[in-house]
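Heads up: the structure comes next, in structure tokens.
The values are calculated or read from the model by the stated rules, or taken from the named source; none is laboratory data. Nothing here was measured: the structure is a model prediction, and the numbers come from that model. Backbone-built Cβ (ideal geometry, glycine too); neighbour counts: all protein chains shown. The protein model used for the area step is the full one, side chains on, heavy atoms only, and it has no ligands, DNA or RNA in it. Shrake-Rupley method; radii C 1.70, N 1.55, O 1.52, S 1.80 Å.
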Amino acid sequence: MKLGRLNHIGVATPSIADSIVHYREVMGATDITEPFDLPEQGVKVCFVNTPTHSGMDGTQIELIEPLGETSTIRGFLDKNPLGGQHHVCFEVPDIAAARAWFEGQGKRILGPTRIGAHGTPIFFVHPKDMQGMLTEIMETPRDGAH
Ligand code: CO
């Protein structure tokens with residue numbers, strides 16, 4: 001297992017539109033991507049880009065709004081109506097090696113490895129096995145963070 005950069009922090013929100021206004025007007029964000037649907041994960045997503053640093057892409061805030069009744073983040077928003085931090089996402093160079101590493105330690109992986117919001121393979125590790133944090137592991141994009 002080779003730990004890569006912190007790619008993004010996933011933040012659940014009842015309204016991406018309202019959150020975009022917040023990040024623009026309160027936080028001074030100037031680079032926010034257009035929202036798009038990820039129907040297979042039951043979410044609508046957009047990214048708030050923080051500035052680049054030392055030639056690396058800045059860590060992103062991934063805003064996540066539920067899409068459809070079976071959305072995986074409905075339960076989270078029921079418990080946290082304002083939204084809030086939902087997961088953290090670290091990059092790794094090799095997703096299959098990382099999965100085998102976590103499995104070898106008995107960490108519970110949630111579902112199959114699948115294509116995530118950045119178009120690269122991802123999986124999630126159970127928060128109870130990860131110091132209370134739902135943890136997304138994502139293969140480093142070959143050509144930048146998008
Ligand atoms: Co994510």
*When only Cα pairs under 8 Å and 6 or more residues apart are kept, what is the percent relative contact order across the chain?*
26 percent
_Per-residue ³J(HN,Hα) for region 36-48, Karplus 6.51 cos²θ - 1.76 cosθ + 1.60, θ = phi - 60°, Hz, x for Gly and Pro_ = 9, 8, 10, x, 5, 9, x, 9, 9, 9, 8, 10, 9
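Given +1 on the Cβ of Lys and Arg, -1 on the Cβ of Asp and Glu, and no further charges, what dipole in debye does region 6-139 carry about its Cα centre, rounded to the nearest 20? It would help to have the intermediate numbers written out before the result.
Working: 9 positive and 17 negative charges, 89 e Å.
That gives a dipole near 420 debye.
Quick one: putting +1 on the C-beta of Lys and Arg, -1 on the C-beta of Asp and Glu, what dipole do you get for region 94-136 around its Cα centre, in Debye to the nearest 20?
On the way: 5 positive and 4 negative charges, 25 e Å.
Roughly 120 debye, rounded to the nearest 20.
Accessible area per residue of the chain at 1.4 Å probe, in Å²? Spell out each step's value before the answer.
Working: 8110 Å² over 146 residues.
Spelled out: the 1.4 Å probe surface of the chain, per residue, equals 56 Å².
I'd like the antiparallel share, as a percent to the nearest 5, of DSSP beta bridges with both residues in the chain. Present the calculation step by step, with values, prior to reporting the outcome.
Working: 26 of 36 bridges.
Counting DSSP beta bridges with both partners in the chain, the antiparallel share is about 70 percent.
In what sequence, largest accessible area first, do ASP18, ASP94 appear using a 1.4 Å probe?
Working: ASP18 105, ASP94 75 Å².
The ranking, largest first, comes out as ASP18, ASP94.
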_Starting from a Cα-only point model with no solvent, please compute log10 I(q)/I(0) by Debye for region 73-122 at q = 0.17, 0.18, 0.29, 0.33 1/Å._
-0.69, -0.75, -1.14, -1.26
*222 nm [θ] for the chain, helices only, -39500 (n - 2.57) per DSSP H run of 4+, per residue, to 500?*
-5000 deg cm²/dmol
*Which ³J(HN,Hα) values, rounded to whole Hz and listed in residue order, are derived for region 16-21 from phi using the Karplus coefficients 6.51, -1.76 and 1.60 in 6.51 cos²θ - 1.76 cosθ + 1.60 with θ = phi - 60°, glycine and proline given as x?*
4, 4, 5, 5, 4, 4
_Qualifying GluC sites (Glu not before Pro) in region 59-146, DSSP loop, other Cβ atoms within 10 Å at most 16_ = GLU69
*May I ask you to evaluate 6.51 cos²θ - 1.76 cosθ + 1.60, the Karplus curve with θ = phi - 60°, for each residue of region 116-132 and list the ³J(HN,Hα) values in order in whole Hz, giving x for glycine and proline?*
x, 5, 9, x, 10, x, 9, 8, 10, 10, 4, x, 5, 9, 9, 6, x
*Provide, for q = 0.12 Å⁻¹, the log10 of I(q)/I(0) from a solvent-free Debye sum over equal Cα point scatterers in the chain.*
-0.49
